[in-house]
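Worksheet for the structure shown next.
The values are calculated or read from the model by the stated rules, or taken from the named source; none is laboratory data. Here the structure is a predicted model, which is why all the values come from computation and not from measurement. Counting neighbours? That spans all protein chains shown, and the Cβs are built from the backbone with ideal geometry, glycine included.
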Amino acid sequence: MSTSPLLQVEEVYAGYVQDLDILQGVNFKIDPGEFVVVVGPNGAGKSTLAKTIFGLLTPHRGKILFKDKSIAGLKSNQIVPLGMGYVPQIANVFPSLTVEENLEMGAFIRHDSRHSSLRGLRDQVFTLFPALVERRRQRAGTLSGGERQQLAMGRALMLQPELLILDEPSAALSPQMVNSVFNLIEEINQSGTAIILVEQNARKALSIADRGYVLESGRDRFEGRGTDLLNDPKVAELYLGGSKKPLTP
């Protein structure tokens, strides 16, 4: 079994405008099958990091290695076939297509995209997301926010990625649906898929993750086990609501 990280980010600088970097030398890694969260205040660079890893932004400096292969500078359509999936916070489904059609679109680059293969993958997704079964012929644009988030994750899983990046999946969801989505993320991870979760709900995310990174001003300020960060008085004081007392999940 390889001891190399699945993904390694080293001293990466990136942003949306040349010479105006949001990421200021970020370091990050995730091992195969690991569940890692990225938290921090607004504007810290969390979503920018996710987009840079997935090829939506090109780093100005630094290294990004995925399965020991340099992917810095590759576009997302070149990265997906390597085994990486990404679910953005918004615009993450095709609203005019049905649930089934969205899932089929998720597998469009598969080399074995025969009807039987697609059906088997789709059935696996429906098993994981049973709420989508009765809506399989419903247009995605008519789904609730939580259902759309499930569909977006399901579509990404149609390619059976080794690494799935989720950008703020709990945004604008009800507390009940937030718990449901987090439970599904845990289930996806337990099936063997490595997860990078970019999340504003820091307490909840850190309580279930293997490890976490706290970003501040484009830098990785803290790194450690999820529960250790959750119970770190300094992290709690700065990023988790101001409490200086150790926290529990």
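Could we say that PRO88 is buried (at least 20 other Cβ atoms within 10 Å of the Cβ) and under 20 Å from the mean Cα position of the chain (by Cα) here?
On the way: buried (at least 20 other Cβ atoms within 10 Å of the Cβ): no; under 20 Å from the mean Cα position of the chain (by Cα): yes.
For PRO88, the condition - buried (at least 20 other Cβ atoms within 10 Å of the Cβ) and under 20 Å from the mean Cα position of the chain (by Cα) - is not met.
Considering region 56-72 alone, what residues qualify as being surrounded by fewer than 17 Cβ atoms within 10 Å (Cβ to Cβ), assigned to a strand (DSSP E or B) and either touching a strand residue (DSSP E or B) at 6+ places or on another chain (Cβ under 8 Å) or without any contact (Cβ under 8 Å) to a residue 12 or more places away in the chain (or both)? Walk me through how you get there before you give the answer.
Residues of region 56-72 that are surrounded by fewer than 17 Cβ atoms within 10 Å (Cβ to Cβ), as a first pass: 56, 58, 60-61, 63, 68-70.
From what is left, the residues that are assigned to a strand (DSSP E or B) are 61, 63, 69-70.
ARG61, LYS63, SER70 - these are the residues of region 56-72 that are surrounded by fewer than 17 Cβ atoms within 10 Å (Cβ to Cβ), assigned to a strand (DSSP E or B) and either touching a strand residue (DSSP E or B) at 6+ places or on another chain (Cβ under 8 Å) or without any contact (Cβ under 8 Å) to a residue 12 or more places away in the chain (or both).
Suppose we filter VAL26, VAL39 for residues that are in contact (Cβ under 8 Å) with a residue 60 or more places away in the chain, of a type outside the set (D, E, K, R), in contact with a Ser or Thr (Cβ under 9 Å, 6 or more places away or on another chain) and within 13 Å of ASP220 (Cβ to Cβ); which single one remains? Explain how you work it out, then say what you get.
Details: VAL39 fails: in contact with a Ser or Thr (Cβ under 9 Å, 6 or more places away or on another chain).
Answer to the check: VAL26.
Please work out if ARG155 is more than 21 Å from GLU199 (Cβ to Cβ) and modelled with pLDDT under 95.
Details: more than 21 Å from GLU199 (Cβ to Cβ): no; modelled with pLDDT under 95: yes.
No: the conditions fail for ARG155.
Check region 170-185 and report whether any residue there is buried (at least 19 other Cβ atoms within 10 Å of the Cβ), in contact (Cβ under 8 Å) with a residue 60 or more places away in the chain and of a type outside the set (A, V, I, L, M, F, W, C).
The answer is no; no qualifying residue exists.
Identify, from the list GLU104, GLU162, GLU168, GLU100, the residue that is among the acidic types (Asp, Glu) and more than 25 Å from ILE196 (Cα to Cα). Let's see the steps before the verdict.
Details: GLU104 fails: more than 25 Å from ILE196 (Cα to Cα); GLU162 fails: more than 25 Å from ILE196 (Cα to Cα); GLU168 fails: more than 25 Å from ILE196 (Cα to Cα).
Selected residue: GLU100, the only one of GLU104, GLU162, GLU168, GLU100 that is among the acidic types (Asp, Glu) and more than 25 Å from ILE196 (Cα to Cα).
Going by the conditions given, is VAL80 aliphatic (A, V, I, L, M), out of contact with any helix residue (DSSP H, G or I) (no Cβ under 7 Å at 6 or more places or on another chain), in a strand (DSSP E or B) and under 25 Å from VAL181 (Cα atoms)?
Details: aliphatic (A, V, I, L, M): yes; out of contact with any helix residue (DSSP H, G or I) (no Cβ under 7 Å at 6 or more places or on another chain): yes; in a strand (DSSP E or B): no; under 25 Å from VAL181 (Cα atoms): yes.
It is false that VAL80 is aliphatic (A, V, I, L, M), out of contact with any helix residue (DSSP H, G or I) (no Cβ under 7 Å at 6 or more places or on another chain), in a strand (DSSP E or B) and under 25 Å from VAL181 (Cα atoms).
Identify, from the list ASP68, ASP123, ASP112, the residue that is at pLDDT 95 or above and among the acidic types (Asp, Glu).
Numbers: ASP123 fails: at pLDDT 95 or above; ASP112 fails: at pLDDT 95 or above.
Exactly one of ASP68, ASP123, ASP112 is at pLDDT 95 or above and among the acidic types (Asp, Glu), namely ASP68.
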